[in-house]
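We did not get these values from a lab; they are worked out from the coordinates using the rules stated. Treat the numbers as computed from the prediction; the structure is a model and nothing was measured. No Cβ is skipped: glycine too gets one built from the backbone with ideal geometry, and neighbour counts run over all protein chains shown.
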Amino acid sequence: MQESYLDKEKGYFSNIRKDIISFIGTSKDQTILEIGAGTGATLLELKNKGVAKIIMGFDIVDVNQNKEKFDSFIIGNIEQDNVPFELDFFDSILLPDVLEHLVEPQKTIQKLIPHLKKGGHFYISLPNIRNFEVFYKIFIKGSFEYTDEGIFDKTHIRFFCKKDMLKLITLFPELEVQKIESNLKHLSSMKSTLNKITLGVFEPFLSTQYFLKVRRN
């Protein structure tokens, strides 16, 4: 699996996820783990903002050249490897565009739950396969051609609509979705403007991603 990521552009792993940072909010001094951390740019930004005090990363690809800046940074396969973290330890665990790359995403969530404090949160982002561009590509152009990134990323093996995202979380009685919102709320674009004008009626078709805030009870 690791080899399939080696052809990706460096920017794929090094973007600061400002949308995720905005979604997390301003609660300070958290202990945060990010799965799929890449170069760790998002974690470092969270620490710079004071949102995080302790930052730990985990990724299948070794592209982080500054591991000394992290309290822990592990290279491994989250589906196959043991999770070497303390129990009830993290205030927040980030899964930004990760679950769609996994063979059995529910098993990874189950593996991570014991390491999240009670009252802590998962912050998850997932691509929305119901987006109108998917309809256009498949039903108009007649193609499911994969791309290097985006909804048709060639490393995606699971696909979700909004209902599927919510259904995934309901598999775990100890988890509760506190908030789900479209990526349109984090954009200033024609799509986000159209979504506001139409009072969100077309949100499922305009959204490329959804963000979930999930609490461990």
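Using only the Cα atoms of region 80-169, build the gyration tensor, take square roots of its eigenvalues as a ≥ b ≥ c, and label the shape rounded, prolate or oblate: rounded if a/c is under 1.5, else prolate if a/b is larger than b/c, else oblate.
Prolate is the answer for region 80-169, as a/c is 1.5 or above and a/b outweighs b/c.
With the cut-off at 1.5 for a/c, could you classify region 132-213 from its C-alpha gyration tensor as rounded, prolate or oblate? Show your work: numbers first, answer last.
Working: a/c = 2.09, a/b = 1.16, b/c = 1.81.
Oblate, since a/c reaches 1.5 and b/c is not below a/b.
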Legend entry - Which listed pairs, of Lys111/Lys137; Lys49/Lys117; Lys67/Lys185; Lys118/Lys213, have C-alpha distances above 26 Å, in listed order: Lys111/Lys137; Lys67/Lys185
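Which order do peptides 87-94, 31-38 fall in by mean Cβ count within 10 Å, highest first? Walk me through the intermediate numbers first.
Values: 87-94: 19.5, 31-38: 23.8.
Packing proxy ranking, top to bottom: 31-38, 87-94.
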Legend entry - Peptide ranges 141-151, 199-209 listed from the most packed, as the mean C-beta count within 10 angstrom indicates: 199-209, 141-151
Legend entry - the chain: calculated mean residue ellipticity at 222 nm from DSSP helix runs of at least 4, using -39500 (n - 2.57): -5500 deg cm²/dmol
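Rounded, prolate or oblate: which fits region 1-130, taking a ≥ b ≥ c as square roots of the Cα gyration tensor eigenvalues, rounded meaning a/c under 1.5, else prolate when a/b beats b/c? List each step's numbers first, then the result.
Numbers: a/c = 1.31, a/b = 1.15, b/c = 1.15.
Taking the square roots of the gyration eigenvalues as a ≥ b ≥ c, region 1-130 is rounded.
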Legend entry - Gyration tensor over alpha-carbon atoms, the chain, equivalent ellipsoid semi-axes in Å: 27, 20, 18
